[in-house]
Amino acid sequence: KRLGTKSTIEEKLEIKPELKSGLDGGIHQWIQKLINSRELTLSVKEHLQPLREPKSDSAWIDSREDIFRFFREAIANVIRHAQPPNGSATQVSVSLTQKDHQCRLAIENNGTSLTPILLDVPHKKRRSGGYGTKLMKTIAAEIPNGAWQRVHLEEGGMQVTLEWTMDTP
């Protein structure tokens, strides 16, 4: 091996440093970064199950980057819309789970947005979301059997989920 030559598939694909320890580790590190910078001031509940990730599958490595981008957009939305002073949330919970080949990422907050949500406006006049919504739809469409949804919770708050399948050894 020559000096300076990258050897592993992860190095060749230039994986984000946060994701080298897996999706769960990347999510945890990002949350800590937001807390340490005081960007995220809510109480955080984490339930991050390590996924059985295929180590050298370039398709999975691409999907993992996309899923991480989805997570970052979802948590940014919590900060922008639910966290005081823009909202009334006191807590955000982030979970990552895998059952057989089915994986699920969920980001949920317990607050309401103080910016008016136009629920009474006829559907055609209401914006179906901005850039973040478009990004989430695109990511869900590009990962294996990807599906996402955003749900207003009865008790107040919002939950965003992303589900996908993963071929694991």
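Can you give the extra length, in nm with one decimal, that the chain gains between LYS137 and HIS47 once fully stretched, where that is 0.36 nm per residue apart less the Cα-Cα distance?
Working: separation 90, 0.36 × 90 = 32.40 nm, distance 2.40 nm.
Length gained, LYS137 through HIS47: 30.0 nm.
Express in nm, to one decimal, how much length is gained between GLU39 and ALA76 on full extension, taking 0.36 nm for each residue of separation and deducting their alpha carbon distance.
Here the answer is 12.4 nm.
SER58 versus THR90, label points 7 Å from Cα toward the beta carbon: distance in nm?
That separation, rounded to one decimal, is 5.0 nm.
Rounded to the nearest 0.05, what FRET efficiency is calculated for LEU153 and LYS20 with R0 set to 30 Å and r the Cβ-Cβ distance?
Calculated value: 0.30.
Throughout, read-outs are computed from the coordinates displayed, never taken from laboratory work. Not measured: the values here are computed from a predicted model. Glycine also receives a Cβ, built like all others from the backbone with ideal geometry; neighbour counts cover every protein chain displayed.
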